[in-house]
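Heads up: the structure comes next, in structure tokens.
No lab work stands behind these numbers, since they all come straight from the coordinates. Since we're looking at a predicted model, the values are computed, not measured. Note that each Cβ is placed from the backbone with ideal geometry, even for glycine, and that neighbours are counted across all protein chains shown.
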Amino acid sequence: MISRKKLIAGNWKMNKTSADALTLVADLVASVGRQTDVDVVVCPPFTSIETVGKAIEGSMLKLGAQNMHPEASGAYTGEVSAPMLRALFATHVILGHSERRALFGETDAFVNKKVLTALKNQLKPILCVGESLGERELGLTLKIVQTQLEAGLDGVSKDLASSVVIAYEPVWAIGTGKVATTEQAQEVHAFIRSLLTKLFTEPVAQKVRILYGGSMKPANAPELLAQKDIDGGLIGGAALEARSFVELVTAAAAAK
Ligand code: PEP
């Protein structure tokens, strides 16, 4: 069985001026900038991408964006493209976050266009999927995750599939302090891996990292990260302070 390197990604959302971002990332570089056991990605707002990118130069930290438009350029006021992110040395991009889906009307089809564009531009998509509380209560969790995953990955070739990172983020656990139980999370992660086997192949499915996201904190991370199919975390609130984020990286390094 392939052992997958854990990945911890910080989604800073709409927080931090560039000066604040620089302070945070400088702390991260000093604390975990040299460790090689875990892949660590920081995803600042667009306004801080260049500053953060320069601050992590020469360290092991990687740079991600929180969103991107599928077109390369043009009349899309307020948007940012894959080539623009690549020019700043971003390597990852979060796509289909539930906040983008719920607040900005992003559909599976639109998210899929972005996934394909990201891959074409050598950006690794962190594709977010997850059910709302209502959907979970109706027993629709796996169906929702399947629909979002299949639509989001439509047209992705087998060769590129292992560059995709999946983030399972139950919407009811994001920013609420309610974390999925390890059993709930592992069940969905295993289901996602079985879908990846069907969509691609078993070896590809074994390579893809599947992150958990939703109120992951140093206190609950070790148990979640010990699950067979949980390969890391997409972290919101706990990524905004160096101490908690560093503890999460340490927990991922310790997880077997
Ligand atoms: C997120 O927004 O991706 C997230 C997981 O947020 P939080 O950790 O704050 O729940």
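Counting only residues 5 or more places away or on other chains, whose amide H sits under 5 Å from the amide H of Val41 once H atoms are built in the peptide plane?
For Val41, the qualifying residues are Ile8, Ala9, Gly10, Lys62.
Quick one: Cα centre-to-centre distance for the range 20-57 and the range 60-99, in angstrom?
Rounded to whole Å, the Cα centres lie 17 Å apart.
Amide H to amide H, which residues 5 or more places from Arg209 or on other chains are under 5 Å from it, using H placed in the peptide plane?
Ile166
Note down the relative contact order for the chain as a percent, whole number, built from C-alpha pairs under 8 angstrom at least six residues apart.
Across the chain, relative contact order equals 21 percent.
Taking H as built 1.01 Å from N, whose amide H comes closer than 5 Å to the amide H of Gly236, not counting residues under 5 places away?
Here the answer is Asn11, Gly214, Ser215, Met216, since their amide H atoms fall under 5 Å of that of Gly236.
If you place +1 on the Cβ of every Lys and Arg, -1 on the Cβ of every Asp and Glu, and leave all else neutral, what size is the dipole of the range 80-183 about its Cα centre, to the nearest 20 Debye?
Roughly 400 debye, rounded to the nearest 20.
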